[in-house]
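Following: one structure in structure tokens, then a few remarks.
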Amino acid sequence: MSADTRSANAAPATSRSLLTLAGRSHLTTLALAHPIRTILVVYLVSRLVALAAMWVAATWFQNPAGVGHLDPTVGDLLVLWDSEWYETVATQGYPVPLPADPASGKLTYSAWAFYPLFPLLVKGLMLLGIPFTVAAVGLNVVLGGLGAVLIWALFRHGLHADPQPGRERLALVAACLWCFYPATGVMLKAYTEPLAIVLVAASLLYLMRRRYAVVALLAVPLGFTRGVAAAIGVAALVHLIVRIREERAAGVLPLRGQRVTASAMLVVIGLSGIAWPVIVGAVSGIPTAFLDVQAAWGQNPASGPFVLWLQWAWDARGAFGAAVLVALCGTYVGLILGRHGRWIPVEVRAWAVAYPLYLFAVVRPITSMWRFLLLDFPIAALLASVAMRTSTGERIVTHWRRRVAILLVPILAGLVWWTCALLTYMPWGSRPP
């Protein structure tokens, strides 16, 4: 073949490559020009993917004994696990007096272990004649979309973060990756994760905007949604410390005009962390009732922070298991504090460290941790950074789309695995999602 012939054959291939690159660049430009629309489209696609995974789980993995009939469906999976308890709260309220074991007198399983705001919101929709499951799933679909947009808004906020020329692109990809988190199927069920995501992300966003009164107002419903006030409090303290240091360095009076609202914010956050346990204690007449009910569900924080997880790792694999657990935690913290995390605002990084540490300190080893970590959305920002940026974190690589696509493969595989393995229910040996 002559050189002229080879050149003639190579020209169309080069043209096709240029057209492909131009097409990809146009899509990227379009996505960045309309980020909220892009996130909502990706979020809806992720809901369809999660729904498809639930269909696979119901069709091939759900044992009929777990649903009471021979033909399990997606509808059966929607009402399993904690969904039943939230429906009980929405339709029957909380039992008084608190159920106790007749033999030992100790408090036993009851709906009091579940925070009240989400089922109360669903109950409000039910007053319009909407069935519980439809109301709960519909509410969570809307809240999940709002949560994805708020997560994007957090990551694109450059306050107290290293300069990052590709911040808009990183933030958009990170928010989209979060939509496909493996445990995302719970956002199609009557669970509190979507509501908690909205309240946590909004709290951090208004914290960075120095709207302390709004953060205090958000802490109230958060205290009746999930027990995460301690981690939010850490983020608030870190924010205030950084701001005070910056203003002192600039010769400005720290927190000028906002000292009262900043103090009130910290107080309200602290109170929100104990509000529901105090109410449970007041209603039951037993000050430790909430902790006692949690203990009946298997939680035992009295054993000491982190002890149960280290014991679990040691029992499973001895010293090697404990070393792996410590190494994984160290790697995560290193990523958050290192070059792949420094483009994230310091308030979000504080949440990213405080929230998982809080979980490992107070929650026993349980498969529900996969679901709990849905609130640790900075993981998505780390994945986006590792996939899209150079090893030094200085710039975004030109082939970032291919790397993100490759990253999506194990994420989607994890989504299907989690749904099939944990969202299904077997009466004789299931692991809770």
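Points worth noting:
- Subset of region 93-131 that is touching a residue at least 24 places away in the same chain (Cβ under 8 Å) and more than 26 Å from Ala219 (Cα to Cα) - its residue that is surrounded by the most Cβ atoms within 10 Å (Cβ to Cβ): Leu107
- Residue satisfying all of: in region 248-264; hydrophobic (A, V, I, L, M, F, W, C) and not in a loop (DSSP other than H, G, I, E, B); surrounded by the fewest Cβ atoms within 10 Å (Cβ to Cβ) among these: Ala249
- All told, Tyr86 falls short of being touching a residue at least 40 places away in the same chain (Cβ under 8 Å), within 21 Å of Met426 (Cβ to Cβ) and out of contact with any Gly (no Cβ under 9 Å at 6 or more places or on another chain).
- Test: residue in region 292-306 that is exposed (fewer than 15 other Cβ atoms within 10 Å of the Cβ), without any contact (Cβ under 8 Å) to a residue 12 or more places away in the chain and closer than 18 Å to Ala111 by Cβ: no
- Val142 being within 23 Å of the chain's Cα centre (by Cα) and either surrounded by fewer than 16 Cβ atoms within 10 Å (Cβ to Cβ) or modelled with pLDDT under 95 (or both): yes
- Residue in region 207-214 that is crowded, with 22+ Cβ neighbours inside 10 Å, hydrophobic (A, V, I, L, M, F, W, C) and under 26 Å from Trp417 (Cβ atoms) present: no
- Filter result for Ala103 (of a type in the set (Gly, Ala, Ser) and assigned to a helix (DSSP H, G or I)): no
- The condition of being on the phi < 0 side of the Ramachandran plot and either surrounded by fewer than 21 Cβ atoms within 10 Å (Cβ to Cβ) or without any contact (Cβ under 8 Å) to a residue 24 or more places away in the chain (or both) holds for Val67.
- Residue in region 37-48 that is surrounded by 11 or more Cβ atoms within 10 Å (Cβ to Cβ), at pLDDT 95 or above, out of contact with any helix residue (DSSP H, G or I) (no Cβ under 6 Å at 6 or more places or on another chain) and over 28 Å from Pro433 (Cα atoms) present: yes
- Scanning region 307-322 for residues that are loosely packed, with under 13 Cβ neighbours inside 10 Å and of a type in the set (Gly, Ala, Ser) gives Gly318, Ala319.
The values are calculated or read from the model by the stated rules, or taken from the named source; none is laboratory data. Note that the structure is predicted; figures quoted are calculated from it, not measured. Cβ sites come from the backbone with ideal geometry, for glycine too, and all protein chains shown count toward neighbours.
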